[in-house]
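The values are calculated or read from the model by the stated rules, or taken from the named source; none is laboratory data. This one's a predicted model, so the numbers in the text were calculated from it and none came from an experiment. Backbone-built Cβ (ideal geometry, glycine too); neighbour counts: all protein chains shown. Just the protein is used for accessible areas: all its heavy atoms, side chains included, with ligands, DNA and RNA removed. Shrake-Rupley method; radii C 1.70, N 1.55, O 1.52, S 1.80 Å.
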Amino acid sequence: MESTVTVLRELRGAQKSAKGVSLYSRYVNRPAGRIFAAVAFRLRMTPNQVTSVSAAFTFAALASVALARPTWGLAVLVYLGLAVGFALDSADGQLARLTGRGGPDGEWLDHVVDCAKMILVHTVVLISFHRYFALPADGWLLLPLGFLFVAVLTFCAGLLREQLGRAAARSGPAGDAGPRQAVSRLRAVALLPADYGVFCLVFLLLGDETAFRIGYAVLAAVHALFLVAFLVKWFRELKALRAD
């Protein structure tokens, strides 16, 4: 069986494009996922099994937010659970590309877990707000609902953009997938606030109600602004594909 060093070297050549990826995903999450993928390969795990382990870490961390009173110790455990789950979410795709064992079932499972994670992360914040936080006003309970709306719309619109873009590329001239864009370091920095890994950092503030509430509210506002920018961008890109 191949050594871990050899597997890691092969995994470096099985990476997705860095285009449209934030610095966190490029330099933190993907490298961590590469290590997990190498371990999974050595353990003869399938990509779907890695996805299931990722879901277990993520959902256990989220359940603790809803069921336990916030403390600094809980904050660290929740963050670690979410961060490991996110890295494993990268590992399953890397393992699939390395072994050639990816398929529609794996992609479907990965998207289902991502969707469940996106819904639950804001739902458990709402539950924690209601059960444990001394909120200055009941209106704060609307914040997780608003953040959830933004997250779901971004996820669905982005997925549709990807699928419709592929369909348009297939129906156009052979090999015409639109102009290639260079990987931009500035764009990678600008995308940091919208990265799920960066979002998970807010749970490190869970030990202080005010700090967490303000940090979560700031991220909600930033994600809402990103949603508007993404919707405009994706609409223009799809309209340009129609014109071509």
Fill in the blank from the handout: When every residue in the range 123-163 that is open to solvent by 70 Å² or more (accessible area, probe 1.4 Å) and outside any helix (DSSP H, G or I) is compared, the one farthest from ALA68 (Cα to Cα) is PRO136
Exercise for the section: State which residue is farthest from the chain's Cα centre (by Cα) when the search covers only the range 196-225 and only residues that are among the aromatic types (Phe, Trp, Tyr) and open to solvent by less than 40 Å² (accessible area, probe 1.4 Å). Expected result: PHE212
Fill in the blank from the handout: Scanning the range 57-69 for residues that are surrounded by fewer than 16 Cβ atoms within 10 Å (Cβ to Cβ) and in contact (Cβ under 8 Å) with a residue 24 or more places away in the chain gives ALA63, ARG69
Exercise for the section: Kindly indicate whether LEU11 is within 19 Å of the chain's Cα centre (by Cα) and modelled with pLDDT under 90. Expected result: no
Handout entry: Top-ranked residue in the range 226-243 [being more than 22 Å from the chain's Cα centre (by Cα) and exposed (fewer than 12 other Cβ atoms within 10 Å of the Cβ); ranked as farthest from VAL65 (Cα to Cα)]
Key = ALA243
Exercise for the section: Could you check, for the range 85-97, whether at least one of its residues is open to solvent by 40 Å² or more (accessible area, probe 1.4 Å), hydrophobic (A, V, I, L, M, F, W, C) and assigned to a helix (DSSP H, G or I)? Expected result: no
Handout entry: Boolean, ALA174 is open to solvent by less than 40 Å² (accessible area, probe 1.4 Å) and modelled with pLDDT under 80
Key = no
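Condition check ((1) over 22 Å from the mean Cα position of the chain (by Cα); (2) over 22 Å from VAL189 (Cα atoms); (3) crowded, with 16+ Cβ neighbours inside 10 Å; (4) at pLDDT below 85) across all residues:
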position: GLN15; (1), (2), (3), (4): no, no, yes, yes
position: ALA18; (1), (2), (3), (4): no, no, yes, yes
position: ALA32; (1), (2), (3), (4): no, no, yes, no
position: PRO47; (1), (2), (3), (4): no, yes, yes, no
position: VAL50; (1), (2), (3), (4): no, yes, yes, no
Practice task
Tell me, yes or no, whether the range 100-109 has at least one residue that is closer than 17 Å to GLN49 by Cα, touching a Ser or Thr at 6+ places or on another chain (Cβ under 9 Å) and open to solvent by 40 Å² or more (accessible area, probe 1.4 Å).
Solution key: yes
